[in-house]
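The structure appears right after this line, and notes come after that.
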Amino acid sequence: MKIAISGKGGVGKTTVAANLARLFASHDYKVYAVDADPDSSLGSALGLTDEQMAKIQPLIEMQKVIAERSGGGAFYTLNPQVDDILDAYSVELGNIHFFRMGGVKQGGSACYCRENTFLHAVVDVLLLGKQDVVVLDMGAGIEHLTRGTSRGVDIMLVVTEPSKNSVQTAKVVRQLAEQLGLKNIKIVGNKIRSDKDAAFLEAQFAPGEIIGMLPFQESILEAAMGGPVDVTDSSQPVGTALRAIYDKIIQAS
């Protein structure tokens with residue numbers, strides 16, 4: 001099962017990614033939790049300390065490995081072998097293997113081709129070669145996906161709040177994903193405070209496009225100030241709603 005999660009910054013995308021990873025891990029799946037958003041904090045959301053995070057080198061910064069795998073000089077290998085990187089450079093949290101991708105460099109930046117080739121090769125291995133669960137926490141842009149790797153994505157979840165700006169970003173992400181050929185794109189409504197919020201989102205998307213809505217919970221916001229937040233407890237409204245989303249993902253697989 002390969003899950004890509006995207007959405008506007010601040011909508012709770014990383015919290016959703018971290019807790020879906022926890023749910024899969026709690027059901028004995030081996031989970032690759034991938035921080036593919038340079039501005040996110042998936043590792044912290046999973047419970048890694050600041051000290052642990054500081055020791056994790058983003059793949060984009062592994063210049064020696066990149067040079068060895070993608071060749072030297074003016075030419076580089078388009079399909080570097082990177083399968084062993086997944087275990088060798090990840091941090092284990094029980095059944096969860098976490099690692100950071102680092103940012104895909106944009107055109108015009110110096111020497112970006114080799115690093116980007118390496119990152120795309122890692123995503124290829126994850127999305128096309130692994131039989132385990134992959135949770136890819138992405139930014140509002142989906143630069144890590146290409147038309148090739150998008151074939152391996154089983155579902156893209158786009159997280160949005162009930163606001164005009166957040167919904168607009170979600171629609172842009174959906175359009176980008178559709179252009180890459182992704183077929184299964186679902187919306188997750190987050191921080192729903194009222195029936196009015198839910199009705200607003202339902203009016204913005206086609207019937208069946210929203211896979212679930214997570215209610216706003218003040219205690220989660222307060223807990224997040226002190227560290228990672230586990231919202232998988234089904235005794236809480238958010239936990240119940242998240243487990244319902246998890247069940248739908250499993251049923252569709």
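The values are calculated or read from the model by the stated rules, or taken from the named source; none is laboratory data. Note that the structure is a prediction, hence the values are computed from the model and not measured. We place every Cβ from the backbone using ideal geometry, glycine too, and count neighbours over all the protein chains shown. Only protein heavy atoms, including side chains, enter the accessible area calculation; ligands, DNA and RNA are left aside. Shrake-Rupley method; radii C 1.70, N 1.55, O 1.52, S 1.80 Å.
Which of the residues belonging to the range 141-164 are more than 19 Å from S194 (Cβ to Cβ) and either touching a Phe, Trp or Tyr at 6+ places or on another chain (Cβ under 6 Å) or modelled with pLDDT of 95 or more (or both)? Before you say what the answer is, go through the steps one by one.
Our first condition is that a residue be more than 19 Å from S194 (Cβ to Cβ); within the range 141-164, this holds for 141-158.
Once the filter is applied, which keeps residues that are more than 19 Å from S194 (Cβ to Cβ) and either touching a Phe, Trp or Tyr at 6+ places or on another chain (Cβ under 6 Å) or modelled with pLDDT of 95 or more (or both), the range 141-164 yields I155, M156, L157, V158.
From the list L145, L128, L136, L182, the lone residue that is open to solvent by 40 Å² or more (accessible area, probe 1.4 Å) and of a type in the set (A, V, I, L, M) is L128. Restricting G103, G94, G7, G47 to those that are under 21 Å from V158 (Cα atoms), open to solvent by less than 70 Å² (accessible area, probe 1.4 Å), at pLDDT 85 or above and not aliphatic (A, V, I, L, M) reduces the list to G7.
Residues are listed down the side, and each one gets a yes or a no for (1) in contact with a Pro (Cβ under 9 Å, 6 or more places away or on another chain); (2) hydroxyl-bearing (S, T, Y); (3) closer than 24 Å to I56 by Cβ:
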| position | (1), (2), (3) |
| --- | --- |
| F98 | no, no, yes |
| K130 | no, no, yes |
| T146 | no, yes, no |
| L176 | no, no, no |
| Q179 | no, no, no |
| N184 | no, no, no |
| I187 | no, no, no |
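Output the residue which, of all residues in the range 233-253 that are assigned to a helix (DSSP H, G or I) and among the hydroxyl-bearing types (S, T, Y), is farthest from the chain's Cα centre (by Cα). Only one residue fits best here, namely T240. If only residues of the range 66-91 that are aliphatic (A, V, I, L, M) and open to solvent by 20 Å² or more (accessible area, probe 1.4 Å) are counted, the one that is modelled with the highest pLDDT is V91. Considering every residue within the range 195-206, establish whether at least one is out of contact with any strand residue (DSSP E or B) (no Cβ under 7 Å at 6 or more places or on another chain), in contact (Cβ under 8 Å) with a residue 40 or more places away in the chain and in a helix (DSSP H, G or I). Taking every residue of the range 195-206 in turn, none turns out to be out of contact with any strand residue (DSSP E or B) (no Cβ under 7 Å at 6 or more places or on another chain), in contact (Cβ under 8 Å) with a residue 40 or more places away in the chain and in a helix (DSSP H, G or I).
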